[in-house]
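Enquirer: Okay, here's the structure, questions in a sec.
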Amino acid sequence: MSQRPRPAHVLAVPRWTLIIHVVQPVLAVAILGLDAYGIRWIPYNALIYSLVVAICTLGVCAYLLVSQLFLHQMYNMYVVLGLHLWMLLFWIVDLGLVAN
């Protein structure tokens, strides 16, 4: 079986980054479950924010994996960079809120 050639506008990334993008939704689902359990008992705003961040992570990972592996016409380098920065900011804020 031969692989399709990667279009020129899709950045070549190492294989380990795709593996990390597969592990991210698994961890997001675990955090989603823990947040849902915590919100059931005491609905803190920090837990609700963490729940939203976990849901956003699922969507971002789905876009990144689908656009890099299957639907290359959906890939945009600036969108990928923006999504990475957006999720980095969201997770850093979430870390601070939940730790507080």
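The values are calculated or read from the model by the stated rules, or taken from the named source; none is laboratory data. A quick note: this is a predicted structure, and the numbers were derived from the prediction, not measured. Please note that ligands, DNA and RNA were not included when accessible areas were found on the heavy atoms of the full protein model with its side chains. Shrake-Rupley method; radii C 1.70, N 1.55, O 1.52, S 1.80 Å.
Enquirer: What 222 nm value per residue comes from the helices of the chain, counting each DSSP H run with n ≥ 4 as -39,500 (n - 2.57) and dividing by all residues, nearest 500 deg cm²/dmol?
Expert: My calculation for the chain gives -26500 deg cm²/dmol from helical runs alone.
Enquirer: To continue, here is another question. Want the number for ASN76 to ALA12: 0.36 nm per residue separation, take away the alpha-carbon distance, what's left? Could the numbers behind the result be given before it?
Expert: Values: separation 64, 0.36 × 64 = 23.04 nm, distance 1.27 nm.
Length gained, ASN76 through ALA12: 21.8 nm.
Enquirer: To test your reading of the geometry: what angle, between 0 and 90 degrees and rounded to tens, separates the Cα axis of helix 77-99 from the longest principal axis of the chain?
Expert: Once rounded, one gets 20 degrees.
Enquirer: Averaged per residue, what accessible surface does the chain expose to a 1.4 Å probe, in Å²?
Expert: Values: 7050 Å² over 100 residues.
Normalised by residue count, the accessible surface of the chain is 71 Å².
Enquirer: What is the helix-to-structure angle for 15-41, meaning the angle in degrees between its Cα long axis and the longest Cα principal axis of the chain, kept from 0 to 90 and rounded to the nearest 10?
Expert: Orientation of helix 15-41: about 20 degrees from the principal axis.
Enquirer: Roughly how many percent of the accessible protein surface of the chain is carbon and sulfur, given a 1.4 Å probe and a whole-percent answer?
Expert: On the way: 5270 of 7050 Å².
Within the chain, the accessible surface is 75 percent carbon and sulfur.
Enquirer: Out of these labelled values of log10 I(q)/I(0) by the Debye sum over Cα atoms at q = 0.11, 0.13, 0.16 Å⁻¹, [x] -0.40, -0.53, -0.73; [y] -0.33, -0.47, -0.73; [z] -0.52, -0.64, -0.80, which was calculated from the coordinates shown here?
Expert: [x]
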